[in-house]
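Student: I have a structure here, written as structure tokens, and I will follow up with some questions on it.
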Amino acid sequence: MKRDPRVKLIYILLLTTLAILAKDVIYISAIVLVTIIVNICLGTNILRAIKRISFYVSFIVFITLVQSLTVKGGTPLIYIGSFVFVSTTGIIFALEFLLRMLVIILSGIIATSTDGREMADGMQKMGVPYEFVFMSGIALRFFPIFSDEFRARLNAITMRGINIKKLPFRKKIRLYGYLMSPTISGCVLRSEQLSISVEARGFRALQHRTMYRELKMGLYDWLFLAVGIVFGAGFLFVNYYIGSFISIL
Amino acid sequence: MKIEIKDLSFRYSKKSPRVLENLSYIFEGGNIYFLEGKNGVGKTTLGKIIMGLLKPTSGYIYFDGEDSSKIKPADRAKKIGYMFQNPALQLFAPTVFDELAFPFEIMGTMDENIKDNIQKALKKFNLYEAKDRSPLTMSYGEMQRLALAGISLRNVDFLILDEPSSALDEEGRNFLISYLEDFSRNGGGVILFSHDEDTLSKINGVIELVLDNGSIK
Amino acid sequence: MLIVKDLALKYNEKTIFENLSFKLGKGEILAVKGKNGSGKTSLCLALAGLMRNEEKINLSGDIFYDGKNISGLSIFEKCLEVGLVFQNPENQIFSPLVTEEMVFAPENLAILREEMARRLQNTLKICGIEHLKSKKTSELSGGEKQLLALASVLTMQPKLLIVDEITSRIDSDNKEKVHGILKDYAKQGNSVIIVTHSEKDLEIADKLLLMGEKTKSED
């Protein structure tokens, strides 16, 4: 289902905000479910997207485990003598953290259902200054540029007959350290060159820019948005009026 | 040295079209090969496959009869000097001198003899005055000369150079040509990926090849 | 008409070039040739009004576009007068998509959508890169990037087009195409400056500027 990028941006903001405001695990789980449904409606491939960011997902799971071990309170579940390893409060905190991060990741995946350019156009149409949109886009693109440059230099070292894997650990560290500086300098130089080239093509020449792509909200876009707003309002009402389910239980 | 390519095919992914299709050719030492072709036809890709930076989808490459699939890229680079299309990405040391000294320092083989060779290479490639400069501040043409100077310090049997003259002035180009002719006279093989007709027309005894529709003609 | 008068550039007190004076009229193509390090790229930046104001850089002299000094022009006015295609397309191309790259300049200059679409289609056709329209810029070869870099400046339609080593990574068919593009662009009443090391590129030029120890201009 192709939706206007502004609708997607509003959903991303809405769902992440609701996840932060949600009072407990049950409310956050509801948001997770809704985020998954929204992703399905927009046709994103959730599993493939999560696979691509598997490193960060593993990191989040790691933090979750740390939280469950470090936050104390409630009923002890795993303990030796008076030393409590895992408690109910720790588990709940950890779960809340995990589910909130899941909402953030799944909301980010919503953004992948549109190309970066459309998202940028959507942000512009919503009143975000173009300079901010442009800078965010460039900053995001510099991550892959940075890693591409680093990888290219690693290849260059290999092409000088140096088998990096066979180097002793200290030399390997020295090598990587050696490469960071020119890679960063290369990125800085590239950004300087880029700033000249965009100025050469009229960047910030005028207060207002035109847009090649026309963004028009259709009937289904408005309906989709309306559903989201109604849900959001209803959720907040229940969240604050009824309060925490866990404390009731 | 002989580089034999047999029925080589390559595609970037299952969905993308084949860039190279059953390509077979034998490159022999003592010759200079000028491989041209339209933009996007796969010249750089072929160079990277020979160096082991990309794995072929099918087919074989033999170095003096030995199957290259068992030879790691770093070991291939000990026999073949490779210059990237964008020389800026293969330079990383703080100074020009360090750039040439780096491989020997990291491998622990630096000695007075090598230092002497580095000084000679700096003079030969007209980089002596720039030896304390950062390679990143050099012009494109200077970077190309520096990359070639680095390769010249290793005793390689073959050179694979991707657009080595794209930013060289006439003096630089003439120097490159005489260097390559010298290299091949001493038994080394050279494969140039290039569009530079000015260079092509000046190399003595060059073998002109065209990469088209995935194979060499 | 472009008039350059007594242009001189010093970097860290070292003279890059000096006493540079020449004129370029409408419909003319000037080739700029010189050794590596003679200041060709710096000249391009100076002509496009893109020389940074830094302590190490000392640029003196005057550059006039139809009687107006470049130092007095706004970014918008400069873009109407002059467009620069960089030597290394990696330093110019930043958009993920080909079309996005090509419409960047017209969007900045507030060109209306219909006109933008017309310029996009026209330029894709002129540069022979219609087949690249839906591609990502990361998928392009070096030569294709160079053509895209040219196309993304042509959509700006500047009166003076400066191309820095544009044919260095382009195949022979596309080289001829680029020569044709530049000649046609000049025929439309614009001026072209081509910085090159290639003898073939010199063939399309009406004038030649040799940079180096003794900078001189020849017709």
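Student: Considering each residue of region B:206-217, count those that are within 19 Å of the chain's Cα centre (by Cα) and open to solvent by 30 Å² or more (accessible area, probe 1.4 Å), and give that number.
Tutor: Going through region B:206-217 one residue at a time, the tally reaches 4.
Student: Same structure, new question: When you look at C:ILE75, is it of a type in the set (A, V, I, L, M), more than 26 Å from C:VAL178 (Cα to Cα), in contact with a helix residue (DSSP H, G or I) (Cβ under 7 Å, 6 or more places away or on another chain) and at the interface with another protein chain (Cβ under 8 Å from one of its Cβ atoms), yes or no?
Tutor: Taking the combined requirement at face value, the residue satisfies it.
Student: Hey, C:GLU144 hits all of (1) modelled with pLDDT of 95 or more; (2) of a type outside the set (Ser, Thr, Tyr); (3) open to solvent by less than 70 Å² (accessible area, probe 1.4 Å); (4) assigned to a helix (DSSP H, G or I) but one; which does it fall short on?
Tutor: Of the numbered conditions (1) modelled with pLDDT of 95 or more; (2) of a type outside the set (Ser, Thr, Tyr); (3) open to solvent by less than 70 Å² (accessible area, probe 1.4 Å); (4) assigned to a helix (DSSP H, G or I), the odd one out for C:GLU144 is (1).
Student: With respect to B:GLY172, is the statement that it is buried (at least 22 other Cβ atoms within 10 Å of the Cβ) and out of contact with any Lys or Arg (no Cβ under 6 Å at 6 or more places or on another chain) true?
Tutor: Taking the combined requirement at face value, the residue satisfies it.
Student: So which of A:LEU69, A:LEU47, A:LEU14, A:LEU18 ends up being touching a Phe, Trp or Tyr at 6+ places or on another chain (Cβ under 9 Å), part of a helix (DSSP H, G or I) and modelled with pLDDT under 90?
Tutor: A:LEU69
Student: Do the conditions hold for B:ASN113, that is, is it open to solvent by 60 Å² or more (accessible area, probe 1.4 Å) and free of Cβ contacts under 8 Å to residues at least 24 places away in the same chain?
Tutor: When the stated conditions are applied, B:ASN113 passes them.
Student: Ok, one more. Filter region C:9-35 for residues that are surrounded by fewer than 20 Cβ atoms within 10 Å (Cβ to Cβ) and either closer than 27 Å to C:LYS187 by Cβ or out of contact with any strand residue (DSSP E or B) (no Cβ under 9 Å at 6 or more places or on another chain) (or both) and give the result.
Tutor: Answer for region C:9-35, where residues must be surrounded by fewer than 20 Cβ atoms within 10 Å (Cβ to Cβ) and either closer than 27 Å to C:LYS187 by Cβ or out of contact with any strand residue (DSSP E or B) (no Cβ under 9 Å at 6 or more places or on another chain) (or both): C:LYS14, C:SER21, C:PHE22, C:LYS23, C:GLY25, C:LYS26, C:GLY27, C:GLU28.
Student: Does region B:109-123 contain any residue that is at the interface with chain A (Cβ under 9 Å from one of its Cβ atoms) and either of a type outside the set (Ser, Thr, Tyr) or over 23 Å from B:GLY47 (Cα atoms) (or both)?
Tutor: no
Student: Here's another thing I want to ask about it. Please determine, by comparing only the residues of region C:78-96 that are in a loop (DSSP other than H, G, I, E, B) and open to solvent by 10 Å² or more (accessible area, probe 1.4 Å), which one is farthest from the other protein chains (Cβ to nearest Cβ).
Tutor: Going through the qualifying residues, I end up with C:ILE93.
Student: Please state which one of B:LYS55, B:LYS48 is more than 14 Å from chain C (Cβ to nearest Cβ) and at pLDDT 85 or above.
Tutor: Unique residue meeting the criteria: B:LYS55.
Student: Additional query: I want to confirm something. Restricting to region B:96-108 and keeping residues that are closer than 11 Å to B:LEU146 by Cβ and open to solvent by less than 30 Å² (accessible area, probe 1.4 Å), which single residue is farthest from the other protein chains (Cβ to nearest Cβ)?
Tutor: Within region B:96-108, the match that is farthest from the other protein chains (Cβ to nearest Cβ) is B:VAL96.
Student: Looking at (1) hydrophobic (A, V, I, L, M, F, W, C); (2) over 18 Å from the mean Cα position of the chain (by Cα); (3) closer than 25 Å to C:ILE181 by Cα, which one does C:ILE57 not meet, given that it meets all the others?
Tutor: (3)
Student: Does A:PHE235 satisfy the condition of being under 25 Å from the mean Cα position of the chain (by Cα) and either open to solvent by 30 Å² or more (accessible area, probe 1.4 Å) or away from chain C (no Cβ under 14 Å) (or both)?
Tutor: It is true that A:PHE235 is under 25 Å from the mean Cα position of the chain (by Cα) and either open to solvent by 30 Å² or more (accessible area, probe 1.4 Å) or away from chain C (no Cβ under 14 Å) (or both).
Student: With respect to the numbered conditions (1) surrounded by fewer than 20 Cβ atoms within 10 Å (Cβ to Cβ); (2) assigned to a helix (DSSP H, G or I); (3) within 14 Å of chain C (Cβ to nearest Cβ); (4) not aliphatic (A, V, I, L, M), which one is the sole condition not fulfilled by B:ASN126?
Tutor: Only one criterion is unmet by B:ASN126, namely (2).
Student: Which is open to solvent by 60 Å² or more (accessible area, probe 1.4 Å), of a type in the set (D, E, K, R), at pLDDT 90 or above and under 29 Å from B:LYS131 (Cβ atoms), of B:LYS79, B:LYS6?
Tutor: Just one listed residue meets the conditions, B:LYS79.
Student: Let me ask you something else. Across region C:150-181, which residue is surrounded by the most Cβ atoms within 10 Å (Cβ to Cβ) among those that are within 13 Å of chain B (Cβ to nearest Cβ) and among the aliphatic types (A, V, I, L, M)?
Tutor: Per the stated criteria, the residue is C:ILE166.
Student: All but one of (1) over 21 Å from B:LYS78 (Cα atoms); (2) free of Cβ contacts under 8 Å to residues at least 12 places away in the same chain hold for A:THR183, so report the exception by its number.
Tutor: Of the numbered conditions (1) over 21 Å from B:LYS78 (Cα atoms); (2) free of Cβ contacts under 8 Å to residues at least 12 places away in the same chain, the odd one out for A:THR183 is (2).
Student: Is it true that some residue in region A:204-213 is in contact (Cβ under 8 Å) with a residue 12 or more places away in the chain, within 27 Å of the chain's Cα centre (by Cα) and assigned to a helix (DSSP H, G or I)?
Tutor: No, there is no match, as no residue in region A:204-213 is in contact (Cβ under 8 Å) with a residue 12 or more places away in the chain, within 27 Å of the chain's Cα centre (by Cα) and assigned to a helix (DSSP H, G or I).
Student: Can you name the residue in region B:180-203 that is more than 14 Å from chain C (Cβ to nearest Cβ) and of a type in the set (Gly, Ala, Ser) and is also nearest to B:PHE84 (Cα to Cα) among such residues?
Tutor: Within region B:180-203, the match that is nearest to B:PHE84 (Cα to Cα) is B:GLY189.
Student: Restrict the check to region A:28-43 and report whether at least one residue is over 21 Å from A:SER113 (Cα atoms), of a type in the set (Val, Ile, Thr) and surrounded by 13 or more Cβ atoms within 10 Å (Cβ to Cβ).
Tutor: Scanning region A:28-43, I find at least one residue that is over 21 Å from A:SER113 (Cα atoms), of a type in the set (Val, Ile, Thr) and surrounded by 13 or more Cβ atoms within 10 Å (Cβ to Cβ), so the answer is yes.
The values are calculated or read from the model by the stated rules, or taken from the named source; none is laboratory data. Fair warning: this is a prediction, and the values are worked out from it, not measured in the lab. Please note: Cβ atoms are built from the backbone with ideal geometry, for glycine as well, and neighbour counts cover all protein chains shown. For accessibility, only protein heavy atoms count, side chains too; no ligands or nucleic acids. Shrake-Rupley method; radii C 1.70, N 1.55, O 1.52, S 1.80 Å.
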